[in-house]
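First the structure, which I've put down as structure tokens, then a few questions once you've had a look.
Every number here is computed from the coordinates shown, using simple stated rules; none is lab data. These figures come from a predicted structure and were not determined experimentally. Here the Cβ positions follow ideal geometry from the backbone for every residue, glycine too, while neighbour counts run over all protein chains shown.
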Amino acid sequence: MPDLDNATIAALLERTADLLEITGADKFRVLSYRRAAHAVRSWPDDLSTLASAGKLTDVPGVGKRIATSISSALQTGSFAELDDLEAVLPPSLVTLLQIPGIGVKKAKVLYDLLGITSVDELEQAVRDGRVATLPGFGSKTAENILSGIASYRRFGQRVLLSDALPLAEKVASHLASVPGVVAAEAAGSVRRRKETVGDIDVLVASGDGGTVMAEVRQMPMVTSVIATGDTKTSIRTTSGLQVDVRVVEPDSWGTALQYFTGSAEHNVALRERAKSLGLKVSEYAVTRVADGMRVAGATEADVYAALGLAVPPPEIREATGEIEAAAAGALPHLIELSDIRGDLHIHSSATDGASTIEQNRERAAALGYDYLITSDHAWGLRMVGGLDLDDLERQWEHIDELNAQHDGPHVLKGIELNIDDEGNVDYPLDVLARFDLCVASLHSGWGQPREVATRRIMRAMDNPYVDIIGHPTGRILRRRDPIELDIDAVCGKAAETGTALELDAYPDRLDLSDLHLRIAMRHGVAISIGTDAHESGQMAYMRNGVWQARRGWVTPDAVLNAQPLSDLMRRLKRARHA
Ligand code: DGT
Ligand code: CA
Ligand code: CA
Ligand code: ZN
């Protein structure tokens, strides 16, 4: 039996907290589930290992009772408290919480007073005016709910890669151990490391599909079987995700993996190329049209080679030039996680982070880094306790002491400046000059017209000490649209001023997007990959950033934090002014 992954368990705990709150349960009980969910999500190792050692309570925030729930979830895919809640509450109630602007409190009022349990019912109630009259709602809120419903319909069905990937890998590694199975791998958008995925596709090579499918239907995270046969089974899992499992004969593994990795657009382009070469590519084999003779199929490399192509990395199979590049022997040498030498966006407990600079530094050492930044919020963001000049003096002194100890990654004195409405940043120039490097980001003004937002960022780039623009479009996947920018103009300005653009690796940001990264690469802009960690465990998000970078055709020479420290410092904008 595969055990559930941490993200899935965290989602179950979170759902329990939501449902408890909707039923009006004791708030400490609700909080205990939320705290546990949070801790489980950022716990670095598999909980199943801890569970078998009887040590689940080692996870901060996990007491005896929740440990019992987690053990049960690991074995059966659920636990009694959640099952009881789901028995009395309609399951669609949880989907209301996925609408931006609807938290548990609002969902509870909607449920208690109007009996609303689904998105469609909610939309109806807003339109006929019932929602605006609810206590604590009003017409402005009702309007926001409508736009929330619209954006839910636009993004709501897709799941973050970071939530889907662990589940996909669990299923694949479990099926790999089923008797008769030669190979099992996650395909589809998960393999292409797309930032959000619609469903999980797992491909299995075996001569005995029946045995594989029987195993699939029994996995503990299965809540329902959508369809099942000897070659394909689709299941729904506890996290709501659909998983499609396909079984092929081992000698078709290569073509099947190619086909189910996609993208659909890449497949179409590939098949056109095959046709022009007198070949036909199916899910089972590459054959010659003239005589039906099979020329490839067992491995992906054979399939591409039969078409005269080098194998494009899955991340770039989107029919945006990779086939031409593969034909010309000109595929890019994409950045890899092992190229990364440091992290250039990290918060500490001096502002809204949870870990101390020492803890972040220890984590950086464990990741094998040469350096890391401390980039807390500047004083303009008072709500999160942004640093004033005295705070900075103290922090710098502390960092100097740490760096004097030599044994560990070098800590860079950084800051995350706030770009205000005019494009100005916190602190006077003489203070900015004293940082090793400055990241400047937008934290407000979403929905500004394109010209205004573009001008604001361009003005910030005129500041000689703004080395990096952080999360340039401010998007939050599934929740907030990117601010509209003239990205071509922004990249042109970045190249001209020597300002780097960040790829924020936080799993629901991944900002810049893959398309924006390609534009940045064309302009020769330096890219900084930063995790935006607010807790040292989140520094592991670097891998999400690297995947996104690869989707944007980013090469290691373009990435600031793939350089040794001395080269990094030389390439910062401020080095031009020194
Ligand atoms: P998703 O699930 O929406 O995140 O995206 P994918 O790419 O995983 O799409 P999915 O799950 O519908 O199908 C998996 C792969 O199967 C896809 O990447 C390529 C292949 N495929 C699916 N539909 C088509 C199609 O209509 N034409 C072609 N050529 N390939 C397809
Ligand atoms: Ca898929
Ligand atoms: Ca699929
Ligand atoms: Zn930040």
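Using the Cα centre of segment 418-555 as the reference point, and only Cβ charges (+1 on K/R, -1 on D/E), how large is the resulting charge dipole? Debye, rounded to the nearest 20.
580 debye
Under 18 Å Cα-Cα from Lys493, which lysines qualify once same-chain neighbours fewer than 8 residues away are excluded?
Excluding near neighbours in sequence, the set is Lys573.
Restricting to the chain, compute how many DSSP beta bridges are antiparallel as a %, nearest 5. Mind dumping the intermediate values first?
Details: 25 of 54 bridges.
Close to 45 percent.
In Å, what is the Rg of the alpha-carbon atoms in segment 337-577, and how long is Dmax?
Looking at segment 337-577, its Cα Rg and Dmax stand at 16.2, 49 Å.
May I pose another question? Across the Cα atoms of segment 286-417, what radius of gyration and what greatest pairwise Cα-Cα distance (Dmax) are found, in Å?
In order Rg, Dmax, the Cα atoms of segment 286-417 give 24.7, 80 Å.
While we're here: Over 10 Å intervals from 0, what percent of Cα-Cα pairs in segment 472-562 sits in each interval?
18, 52, 27, 2
Using only helices, what value at 222 nm comes out for the chain when you add -39,500 (n - 2.57) per DSSP H run of length 4 or more and divide by the total residues, to the nearest 500 deg cm²/dmol?
Working: 25 runs with 253 residues, N = 578.
Result for the chain: -13000 deg cm²/dmol, rounded to the nearest 500.
Any chance you could tell me what percent of the C-alpha pair distances in segment 324-378 go past 14 Å? Present the calculation step by step, with values, prior to reporting the outcome.
Values: 920 of 1485 pairs.
Tail of P(r) above 14 Å: 62 percent of Cα pairs.
Under 15 Å between C-alpha atoms is the cut-off here; go through segment 6-155 and count lysine pairs that meet it, provided they're at least eight residues apart or on different chains. Each step should come with its number before you reach the end.
Numbers: Lys27/Lys105; Lys27/Lys108; Lys55/Lys64; Lys106/Lys140.
Lysine pairs meeting the criterion: 4.
Using only the Cα atoms, work out Rg/Rh for segment 218-346, with Rh taken as the Kirkwood radius, to two decimals. Numbers along the way, then the final one.
Working: Rg = 18.2 Å, Rh = 16.9 Å.
Radius of gyration relative to Kirkwood radius: 1.08.
List the relative contact order of the chain as a percent without decimals, with contacts defined as Cα pairs under 8 Å and 6+ residues apart. Present the calculation step by step, with values, prior to reporting the outcome.
On the way: 1106 pairs, mean separation 56.8, N = 578.
Computed over the chain, the figure is 10 percent.
May I ask which residue of Thr228, Pro314, Gln538 lies farthest towards the positive end of the charge dipole of the chain, with charges of +1 (Lys, Arg) and -1 (Asp, Glu) on Cβ and the Cα centre as origin?
Farthest towards the positive pole: Thr228.
Further question on the same structure: Report the Cα centroid-to-centroid distance between segment 385-453 and segment 17-71 in angstrom, as an integer.
35 Å
Here's something else I'd like to know. Run the numbers on segment 159-248 and let me know its relative contact order in percent, using alpha-carbon pairs under 8 Å that are six or more apart.
Across segment 159-248, relative contact order equals 26 percent.
Percent relative contact order of segment 6-155, based on C-alpha pairs within less than 8 angstrom and at least six residues apart? Before the final figure, lay out each step's value.
Working: 141 pairs, mean separation 30.5, N = 150.
For segment 6-155, the relative contact order is 20 percent.
Here's something else I'd like to know. With no solvent and one equal point scatterer per Cα, compute the Debye intensity ratio I(q)/I(0) for segment 130-207 at 0.22 Å⁻¹ and report its log10, rounded to two decimals.
With no solvent term, the Cα-only Debye profile gives -0.92.
Here's a follow-up. Can you check what the Kirkwood hydrodynamic radius comes to for segment 259-327, Cα pairs only, in Å to one decimal?
11.9 Å
Another question, if that's okay. Once whole DSSP H runs in the chain are found, which of them have Cα atoms spread over 20 Å or more along the helix axis and a mean Kyte-Doolittle score of at least -1.0? Before the final figure, lay out the partial values.
Working: long enough: 6-22 (24 Å, 0.68); 27-42 (23 Å, -0.48); 138-155 (26 Å, -0.33); 161-176 (22 Å, 0.58); 389-404 (22 Å, -1.18).
The answer, listed by residue number, is 6-22, 27-42, 138-155, 161-176.
Sticking with this structure for a sec: Quick one, can you get me the convex hull of the C-alpha atoms of the chain expressed as volume per residue in Å³?
On the way: hull volume 101.1 nm³, N = 578.
Convex hull volume per residue, Cα atoms: 175 Å³.
Any idea what Rg and Dmax come out to for segment 159-248 if you just take the C-alpha atoms, in Å?
11.9, 34
What percent of all Cα-Cα pairs in segment 42-128 falls in each 10 Å bin, counting up from 0?
In whole percents, the pair-distance histogram is 15, 34, 24, 20, 6, 0.
Give me the orientation-averaged projected area of the Cα convex hull of segment 6-155, in nm², one decimal. Write out the running numbers ahead of the final one.
On the way: hull surface 37.5 nm².
Computed as one quarter of the Cα hull surface, the answer is 9.4 nm².
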